[in-house]
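Please read the structure below before turning to the comments.
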Amino acid sequence: MNNIKIPLTPLSSDVFAPFGDVIEVSDSNKIFPINDGLANRHHDVAQVDVDEQNGHAIISIIDTKSTPLPLRVLVMERHPIGSQAFIPIGNRPYVVLVAPSGDFDHQNLQGFLAQPHQGINYAKGTWHHACISLDDSNQFLVIDRGGQGENCDFVSIPESVNIIIDSLD
C-alpha cells in the first residue's frame, strides 16, 4: 500500500495562489472608504468565475460536521466550469485539501489549515476535498455556479493509496 501523509501548511494568499484566492482582510488588499467614511471596502479580493455555459452566481449555506484527524481521504472533486468560494460564518478553523487542475494526481495534494477569518475561492478546475471542520461543526457561505452544464467531477482514491490528513500536533 502506498501511504501518503499530508502535512498542513498555514493558509496564506501566496501559497494558495495556484489553487485560487484567499478571502480575508489584509493590508495588501485594495482598500477604500465607503458609506461616507463609515466603512472601508476591501475590494475585489476574489474572482467569481461562473459565466461559462450561461451560468449564474448562487449563494448557499452549508453545515459541516466535526471530523477528527487523522482522516483517510476517499474522494476528491472539482468544478470544471465555475469557481467555488467558501466563507466561514462560524468561528472555527478548518482544513483545506487541494490538488492542481488537470488530471488528478494524488502525489500533488496539498493541505492547509485555514483560520476562522479566512475564506477560500477555488479556481475553476481545482481538485479539492470537502471543507473539514476540526473541533466542532461549522457553517460556510458558499458562492458558486448555478445553471446548465455539468460542473462537478469526482475521483475516488484507489484502495491501494492511503492518503491521510495528519493531526495538527
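Every number here is computed from the coordinates shown, using simple stated rules; none is lab data. These figures come from a predicted structure and were not determined experimentally. In this analysis, Cβ positions are derived from the backbone assuming ideal geometry, glycine residues included, and neighbour counts consider all displayed protein chains.
Could you work out which residue, out of P93, P68, P80, moves most in a Gaussian network model of the chain, that is, has the largest mean-square fluctuation with Cα springs under 10 Å?
Looking only at P93, P68, P80, the largest GNM fluctuation is found for P68.
Could you tell me what percent of the DSSP beta bridges with both partners in the range 2-165 are antiparallel, to the nearest 5?
Of all bridge pairs located within the range 2-165, approximately 80 percent are antiparallel.
Where in the chain is the longest stretch that carries no GluC sites (Glu not before Pro) classed as loop by DSSP and with at most 14 other Cβ atoms within 10 Å? Display every interim value, and only then the final one.
Details: sites that count: E150, E159.
Between exposed loop sites, the widest span is 1-149.
Is the range 1-42 rounded, prolate or oblate when judged by the Cα gyration tensor, a ≥ b ≥ c being the square roots of its eigenvalues, rounded requiring a/c under 1.5 and prolate requiring a/b larger than b/c?
The shape class here is prolate.
If I build a Gaussian network model for the chain, linking alpha-carbon pairs within less than 10 angstrom, which residue out of D63, D36, D144 has the largest mean-square fluctuation?
The residue that fluctuates most here is D36.
Which one is right for this structure if semi-axes √(5λ) of the Cα gyration tensor in Å is calculated from it: [x] 28, 20, 14; [y] 28, 17, 16; [z] 65, 14, 12?
The listed entry that was calculated here is [x].
Cross-link candidates for K124: which aspartates and glutamates have Cα within less than 15 Å, leaving aside residues fewer than 8 places away along the same chain?
K124 reaches D21, D49, D51, E52, E77, D103, D144, E150, D153.
Of the chymotrypsin sites (Phe, Trp or Tyr not before Pro) in the range 10-93, which ones lie in a loop per DSSP and count no more than 13 other C-beta atoms within 10 Å?
none
Relative to the Cα centre, what is the charge dipole magnitude of the range 93-163, using +1 at the beta carbon of each Lys and Arg, -1 at the beta carbon of each Asp and Glu, and rounding to the nearest 20 debye?
Dipole about the Cα centre, nearest 20: 220 debye.
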